[in-house]
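Q: What follows is a structure written as structure tokens; I'll ask about it next.
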Amino acid sequence: MSNRRSRQPSSGSSRISDDKIIELVSKLQQFLPEIQTRCSGKASASKVLQETCNYIRSLNREVNDLSDRLSQLLSTIDTDSPEAAIIRSLMM
């Protein structure tokens, strides 16, 4: 038997069940390319959550890099051109 206690609703606050947590972690694992390529089976919940955080950080860095590239591109073209308007709309 597991040492974990079942999560029960307490005094009006809604709590999520262990089964629901397992289901959500499993769904989350499907979205993580890093885990999909390295692990053929199920990864632990802590591993899935850690990889999720790493993946979000990676996406954040990628967004920042793309934003910087767009800013540099915008600084090299005529600010009144249609291309500049497209780039400005992408940055909003």
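The values are calculated or read from the model by the stated rules, or taken from the named source; none is laboratory data. Owing to the predicted nature of the structure, the values given are computational and were not obtained by experimental measurement. So basically every Cβ, Gly included, is an ideal-geometry build from the backbone, and we count neighbours across all protein chains shown. When the accessible area is computed, the model is the full protein with side chains, heavy atoms only, and any ligands, DNA or RNA have been set aside. Shrake-Rupley method; radii C 1.70, N 1.55, O 1.52, S 1.80 Å.
Q: Out of segment 57-77, which residues are of a type outside the set (D, E, K, R) and either more than 18 Å from Arg88 (Cα to Cα) or not in a helix (DSSP H, G or I) (or both)?
A: Those that are of a type outside the set (D, E, K, R) and either more than 18 Å from Arg88 (Cα to Cα) or not in a helix (DSSP H, G or I) (or both): Ser58, Leu59, Asn60, Ile77.
Q: Going through segment 77-92 one residue at a time, which ones are open to solvent by less than 90 Å² (accessible area, probe 1.4 Å), in contact with a helix residue (DSSP H, G or I) (Cβ under 7 Å, 6 or more places away or on another chain) and under 30 Å from Leu32 (Cα atoms)?
A: Ile87, Met91
Q: Starting from segment 41-69, keep only residues that are without any contact (Cβ under 8 Å) to a residue 24 or more places away in the chain, then list their pairs with residues that are surrounded by 12 or more Cβ atoms within 10 Å (Cβ to Cβ) and polar (S, T, N, Q) whose Cβ atoms are within a distance under 8 Å, requiring at least 6 positions of separation or different chains.
A: Pairs that qualify, where the first residue is without any contact (Cβ under 8 Å) to a residue 24 or more places away in the chain and the partner is surrounded by 12 or more Cβ atoms within 10 Å (Cβ to Cβ) and polar (S, T, N, Q), are Lys42/Ser26; Lys42/Gln29; Ala43/Gln29; Val48/Gln29.
Q: Go through segment 65-76 and give me each residue that's at pLDDT 85 or above and open to solvent by less than 80 Å² (accessible area, probe 1.4 Å).
A: Listed by number, the list holds a single entry, Ser67.
Q: Next up: Hey, could you check segment 19-50 for residues that are of a type in the set (Asp, Glu) and either modelled with pLDDT under 90 or open to solvent by 80 Å² or more (accessible area, probe 1.4 Å) (or both) and say which is nearest to the chain's Cα centre (by Cα)?
A: Glu34
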